[in-house]
Amino acid sequence: MFCRSCLRLALLLSLLIALNLPALAQPQVFAVLPAQDVDGRAIPNLDSRPVVVLVADRDHADAACEMGQKLAFELRGRREVVMLSVIDMSEIPPFLHEWATGQIRQKIRETEDSLKARFQVSGLAYSPPTALVVPDWSGRLVEALLKSGNREEYALLGKSAREVPFAQRRTLEREQRRLRSRAHLLIFDPDSRTVRHFVDPAELTLAQNHLSRMLQKPVANGQ
């Protein structure tokens, strides 16, 4: 019995290595989530639910928003899936936080109206998955999320400028900004405890295919 268990464990570890998918420590990833979203709704426990996370800064918010609308339409009726949008607001000074929060809420309303219109045109009842929006004022949540996925280059976000020679610090900071400044889509699978990381609208189809396999049921064709 002991040997059989060891073989199972070895097989699981080899599969994870072969797929280049790190084991997911989901509670640690979501530990830096605030208790509420931007509208004051409580963040539910995400440890055992499929979670689709969109991450973007202000420059890529529109691209991430369009990706989110397409996925929300395709995931209609899937109430077990949570869609979490995280907006990187770490460069916004504190005295502008209230104004920025108002802008985020306005964008949420516009997005909801657009998504409702998409459902209406298709003759479908409005039934998107649970959706929450969280501004990240410190940047810690964005960093934790991007480091949790299967793209090894994003481990660079955890490196401090103090760890490299002074002459290389600007290069490191520039590369870290480049890595963050995308429209990111991360898919957390609670069964395999892994995270797949896709970037920009060009990889949306790959993300849709991964969701189809993960949920063991093809997602509907988006319109």
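The values are calculated or read from the model by the stated rules, or taken from the named source; none is laboratory data. Please read all numbers here as calculations on a predicted model, not as lab measurements. Reconstructed Cβ throughout: ideal geometry from the backbone, glycine too, with neighbour counts over all protein chains shown. Heads up: the accessible areas ignore ligands, DNA and RNA and are worked out on the full protein's heavy atoms, side chains in. Shrake-Rupley method; radii C 1.70, N 1.55, O 1.52, S 1.80 Å.
Scanning region 146-175 for residues that are farther than 29 Å from PHE30 by Cβ and open to solvent by less than 40 Å² (accessible area, probe 1.4 Å) turns up just one, VAL164. Restricting ALA23, ALA56 to those that are open to solvent by 40 Å² or more (accessible area, probe 1.4 Å) and either at pLDDT 95 or above or within 20 Å of the chain's Cα centre (by Cα) (or both) reduces the list to ALA23. In region 122-223, counting only helices (runs of 4 or more DSSP H) that sit wholly within it, the ones holding 1 or more residues that are among the polar types (S, T, N, Q) and touching a Pro at 6+ places or on another chain (Cβ under 8 Å) span 140-148, 204-214.
Within region 194-213, the set of residues being within 13 Å of the chain's Cα centre (by Cα) and without any contact (Cβ under 8 Å) to a residue 12 or more places away in the chain is empty. Of the residues ALA100, ALA63, the single one that is within 23 Å of LEU141 (Cα to Cα) and in contact with a Pro (Cβ under 6 Å, 6 or more places away or on another chain) is ALA63. When the criteria are applied in full, LYS107 fails the requirement of being within 19 Å of ARG41 (Cβ to Cβ), at pLDDT 90 or above, open to solvent by 30 Å² or more (accessible area, probe 1.4 Å) and over 20 Å from the mean Cα position of the chain (by Cα). Does LEU172 count as at pLDDT below 90 and of a type in the set (A, V, I, L, M, F, W, C)? So LEU172 fits the description; yes. Contact map, region 152-166: residues that are under 17 Å from ARG196 (Cβ atoms) paired with residues that are at pLDDT 85 or above and open to solvent by 90 Å² or more (accessible area, probe 1.4 Å), Cβ distance under 9 Å, separation 6+ or inter-chain. Pairs shown: TYR154/LYS147; ALA155/LYS147. With the condition kept exactly as written, say whether any residue in region 35-47 is surrounded by 10 or more Cβ atoms within 10 Å (Cβ to Cβ) and modelled with pLDDT under 85. Yes, region 35-47 contains a residue that is surrounded by 10 or more Cβ atoms within 10 Å (Cβ to Cβ) and modelled with pLDDT under 85.
Do we find that GLN69 is open to solvent by less than 20 Å² (accessible area, probe 1.4 Å) and modelled with pLDDT of 85 or more in this structure? Yes; evaluated as a whole, the condition is true for this residue. For region 209-219, the count of residues that are in contact with a helix residue (DSSP H, G or I) (Cβ under 9 Å, 6 or more places away or on another chain), open to solvent by 20 Å² or more (accessible area, probe 1.4 Å) and within 28 Å of SER90 (Cβ to Cβ) is zero. Note on region 176-193: among residues that are open to solvent by less than 10 Å² (accessible area, probe 1.4 Å) and within 30 Å of VAL164 (Cβ to Cβ), the one that is farthest from the chain's Cα centre (by Cα) is LEU179.
I'd like the full set of residues that are in contact with a Ser or Thr (Cβ under 9 Å, 6 or more places away or on another chain) and either of a type in the set (S, T, N, Q) or in a helix (DSSP H, G or I) (or both), limited to region 86-105. Residue satisfying the conditions is SER90 alone.
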